[in-house]
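Notes to accompany the following structure.
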Amino acid sequence: MITENNINIELEKLFDNILRKSSIRPPIEVGKNNDLISDFHSKCEKFKDCLKEYLTNNDKILAHRVRSRLKVIQSLQDGIINCLECFLTGDIKSAYDCFELMLKPQFISRHIKNICIPLTEMCNSQRPLFRVRKSDRPLSTRKDIFHIPFNQRHLVRAQRYSVAGLPCLYLGTSLYICWREMDKPDFDKLYISSFITDKEDDKSLLLNLSADFLYKTRLFLKRKNAPKPIEKYS
């Protein structure tokens, strides 16, 4: 008798095996004497080697599911490398186009929700998100603490999480994180704001790329409101 629970147990074992590989265990750093693209390619190959090793030693239903996803993984790997090549050569528009093209196929886009959580789960009245801004001049209006307006997008520079010309609102789960991200500026030059979502908002989703979340078995479970899995026999 094969149940969804059996599959999740096998999946957890597979992930545990992958996490034992220090070279691909998050957080991941670029190897010494490696450029970004070749290092990414190398780590993707090591990840796929873990999957292929599992396929060689197993013939369970999870193995069939993993095998069917190898082409998807390869497609994402190739797409990300194309994006990086365009971006690193200064062709930002082509990098965006490659990224959109990579996620467009239905066999990829339909999995996006699997790594999303409701925004209200991360940001609510009990757990607000924070933004800080460093300024040498007094800030007196709410708009000053928001992101740079789109009609001034030329002011947006490329930074750690920023793409030049694309205004974004970067929030942290704590003031300490925001302060560290701003390179620990003087407190007397900081302006602080907090953000919460509408408690009735059940449509906004957050793409969660944190390692802890990605390696949870909930990735392969049905959503909370889905019917209880039916037992299958083989």
query = Given Cα pairs under 8 Å that are at least 6 residues apart, what percent is the relative contact order of the chain?
reply = 26 percent
remark   = Those helices of the chain passing the 24 Å axial Cα length cut-off and the mean Kyte-Doolittle cut-off of -0.5 (DSSP H runs only) are 70-88
key: Most mobile of H111, H147, H41 in a GNM of the chain (Cα contacts under 10 Å)   = H147
ask   = Build a GNM of the chain with springs between Cα atoms under 10 Å: which of R180, R25, R69 gets the top mean-square fluctuation?
value = R180
query = According to the square roots a ≥ b ≥ c of the eigenvalues of the Cα gyration tensor, what is the shape class of region 92-188, taking rounded for a/c under 1.5, prolate for a/b larger than b/c otherwise, and oblate for the remainder?
reply = oblate
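Hey, got the dipole for region 14-128? About the Cα centre, +1 on K and R Cβ, -1 on D and E Cβ, debye to the nearest 20? Write out the running numbers ahead of the final one.
On the way: 18 positive and 14 negative charges, 113 e Å.
Taking the Cα centre of region 14-128 as origin, the dipole is about 540 debye.
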query = By the gyration tensor of its Cα atoms, with a ≥ b ≥ c the square roots of the eigenvalues, what is the shape of the chain: rounded for a/c under 1.5, prolate for a/b over b/c, or oblate?
reply = prolate
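Which entries in the list K134/K203; K104/K199; K13/K43 go over 23 Å, if you measure between the two C-alpha atoms of each?
Working: K134/K203 33 Å; K104/K199 31 Å; K13/K43 20 Å.
Where the Cα-Cα span goes over 23 Å, the pairs concerned are K134/K203; K104/K199.
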note = Magnitude of the Cβ-charge dipole (Lys and Arg +1, Asp and Glu -1) of the chain about the Cα centre, nearest 20 debye, reported as 400 debye
message = Students often forget the sequence filter, so: which aspartates and glutamates lie under 12 Å Cα-Cα from K21 once same-chain residues fewer than 8 apart are removed?
response = D49
inquiry  = If I stretch the segment between L205 and F15 completely, what's the gain in nm (0.36 nm per residue apart, minus their alpha carbon distance), one decimal?
reply    = 65.9 nm
key: GNM result for the chain, Cα springs below 10 Å: residue of Q74, Q159, Q126 fluctuating most strongly   = Q159
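FYI, it's all coordinate maths here, none of it is from the lab. Keep in mind that this is a model prediction, so the values were computed, not measured. Every residue, glycine among them, receives a Cβ derived from its backbone with ideal geometry; neighbour counts consider all protein chains shown.
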